[in-house]
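The values are calculated or read from the model by the stated rules, or taken from the named source; none is laboratory data. Everything numeric in this text was worked out from a predicted model, so none of it was measured. Don't worry about glycine lacking a Cβ; one is built from the backbone with ideal geometry, like all the others, and counts go over all protein chains shown. Accessible surface is based on the protein model in full, side chains and every heavy atom, while ligands, DNA and RNA are left aside. Shrake-Rupley method; radii C 1.70, N 1.55, O 1.52, S 1.80 Å.
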Amino acid sequence: MTPAHPPLDRRRFLQLGGAAAAATALGLAPVGRLLARAGLPHGRVEGYGPLAPVADLATGLPLLMLPAGFRYRSFGWTGTPMADGLATPSHHDGMGVVHAEGDRLVLVRNHECDGTRANFAPGPLSYDPAADGGTTTLLVDAATGELREARASLSGTLRNCAGGITPWGSWLSCEEAVLDAGPGTLFGRELRMDKPHGFVFEVPLHGAASAEPLHAMGQRLHEAAVVHAASGDVFLTEDNDPVAGFYRFEPAVKGELGRGGRLWMLKARGAPDLRRGRRVGERFAVEWVPVDEPLRGFGPEGQPDGNVGQGLANGGSAFLRLEGCYAAGDTIWFTSTSGGDAGAGQVWAYDAADASLRLAYESPAQETLYYPDNVVLSPRGGLLLCQDSYRREPQSLFGLDAEGGLFEFARNATRLDGLHGFSGDFSHSEWAGACFSPDGRWLFVNLYTPGFTVAITGPWRRGLV
């Protein structure tokens, strides 16, 4: 009989330097102490306790619901001016802390714009004048969580969804759209691009990006890209439906991604299809099969499945809508947003040390967890999952403890009446870009629309998030 929340492999769950050390030294609260409250959905535990509206320290509005004792500050709203004189672009998505020094934190934030607006920062940092996505770089005060400065750092890209930080202090920004130069169609809309799209771009800590795509990582519906520090390999997810691949890019020179390399797709031995019919804790030996033509973004039917089609033909394993990805020591965590028997989401863990794959968590029902997207490991040892479901209902941040107990940590309650020019109910907008400050004090996360960032802090507890 499968328990309501199957236990995770605690050793692998905590295999990130600081989190592992803290958990070992201080101990994790056993799940027995996290007694579920009456009325909690199946598979949920209490976590930090019930949520209530909390006023934003910046606007005074109750934009979020949080547990007792937590507070937050919003900043970086769409349309507000940045230090370079440009307006903050919209559609705030993936984000990461690329540098921390003293009281300074540097974050890079994606903007998943879809080609319907003007390029927000034309000029040297722009890849394609016809595209309107890109990144902004944020300087945040580590003591107060306040924004000190923001500026554009990449533009002229398309649907910059997720990405990942590198050990050398840069951000990998990923395009979730495949288009060739010239006329094309995206979500039923006719577009005309000056350059092809569907690539990964590297944004440095200082200055603007070179706006040159990393072609060797492939042209596809990119979602996230994270670096395994020990090997220098980059692991990448693909948000494709009905079939997606999990990829590994092996650079020709460690730490110099622009010098090319080889692209591989994961093959789980004896498991060609991992979308359904798997049990939590199931483990597979992994091989890697080649993607011989990374720049073949389209398949024979004109769909953006050229990379995954090659991998499947070489024996790779099929996933469904792979989105969030996070590197924690030798463990690469990633989510399948609509995978699993309930179609409600899975969390996978790849072990780079012994080349094995494990299903760490699967939502048993939409009422438990529906559509996890971005994922991050807290310095205290728990996973944090950003929800992005199609339901027109408030979206939540969820924590997943080391025993497999799921709990709601925050809920979007954003309703506006003219603030920064926005009015309406935005509580159904997705969460994205969750990342922690290195000391664990601050959780930074985005609300996709109308587009703003929040810095959350409070009485964090080890073993949760």
Quiz item: By how many nm would the segment from residue 250 to residue 425 grow when fully extended, if each residue of separation counts as 0.36 nm and the alpha-carbon distance is taken off?
Solution: 58.6 nm
Quiz item: Under Stokes-Einstein, with the Kirkwood radius over Cα pairs standing in for Rh, what whole-number D in µm²/s applies to the range 331-378 at 10 °C and 1.306 mPa s?
Solution: 145
Self-check item: Rough spin-label spacing in nm, given labels placed 7 Å along Cα→Cβ, for residue 148 and residue 417
Solution: 3.7
Exercise. For residue 322, tell me the accessible area in Å² from a 1.4 Å probe, rounded to the nearest 10.
Key: 0
Self-check item: Peptides ranked, highest mean first, by Cβ atoms within 10 Å: ranges 270-279, 205-214, 393-402
Solution: 393-402, 205-214, 270-279
Quiz item: Over the range 160-236, how many percent of alpha carbon pairs lie in each 5 Å bin up to the one with the longest distance?
Solution: 3, 16, 23, 23, 16, 9, 6, 3, 0
Self-check item: R0 of 25 Å, Cβ-Cβ distance residue 241-residue 279: FRET efficiency to nearest 0.05
Solution: 0.65
Quiz item: Okay, helix-only estimate at 222 nm for the chain: each DSSP H run of n ≥ 4 adds -39500 (n - 2.57), divide by all residues, round to 500 deg cm²/dmol; what do you get?
Solution: -1000 deg cm²/dmol
Exercise. Roll a 1.4 angstrom probe over the protein heavy atoms and tell me the percent of accessible area of the chain that is carbon or sulfur.
Key: 52
Quiz item: What FRET efficiency comes out for the pair residue 57/residue 83, r = Cβ-Cβ distance, R0 = 35 Å, nearest 0.05?
Solution: 0.95
Quiz item: According to the Cα gyration tensor, what semi-axes, each the square root of 5 times an eigenvalue, does the equivalent ellipsoid of the range 96-240 have, listed from largest to smallest in whole Å?
Solution: 26, 18, 12
Practice problem: Report, please, the projected area of the range 425-465 averaged over directions, based on the convex hull of its C-alpha atoms, in nm². | Solution: 3.4
Exercise. Beta carbons within 10 angstrom, averaged per residue: use that to sort the peptides 43-52, 238-247, highest first.
Key: 238-247, 43-52
Quiz prompt | residue 303/residue 393 FRET efficiency (R0 35 Å; Cβ-Cβ; nearest 0.05) | solution = 0.70
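Based on the alpha carbons, how large is the Rg to Rh ratio for the chain when Rh follows Kirkwood?
Looking at the chain, the ratio lands at 0.94.
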Quiz item: Extension gain residue 295-residue 355, at 0.36 nm per residue separation less the Cα-Cα distance, in nm?
Solution: 19.0 nm
Self-check item: Radius, Kirkwood style, for the range 225-377 when every pair of distinct Cα atoms is counted (Å)
Solution: 15.5
Exercise. Take the alpha carbon atoms of the range 327-343, find their center, do the same for the range 99-156, and report the distance between the two centers in whole angstrom.
Key: 27
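Listed highest first by mean packing, meaning other Cβ atoms within 10 Å per residue, what order do 187-198, 442-453 come in? Walk me through the numbers on the way to the answer.
Numbers: 187-198: 15.8, 442-453: 24.0.
Per-residue mean Cβ counts within 10 Å order the peptides as 442-453, 187-198.
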Exercise. Would you kindly state how much longer the chain becomes between residue 287 and residue 341 on full extension, computed as 0.36 nm times their sequence separation minus their alpha carbon distance, in nm to one decimal?
Key: 17.0 nm
Self-check item: Probe 1.4 Å, all protein chains present, accessible-area order of 392, 296, 411, largest first
Solution: 392, 296, 411
Quiz prompt | Cubic angstrom per residue, convex hull over Cα atoms of the range 397-465 | solution = 98
Quiz item: Relative to the compact globular guide of 2.2 N^0.38 Å, what is the alpha carbon radius of gyration of the range 34-121, as a ratio?
Solution: 1.50
Self-check item: Per residue, in Å², the accessible surface of the chain once ligands and nucleic acids are set aside, probe 1.4 Å
Solution: 36
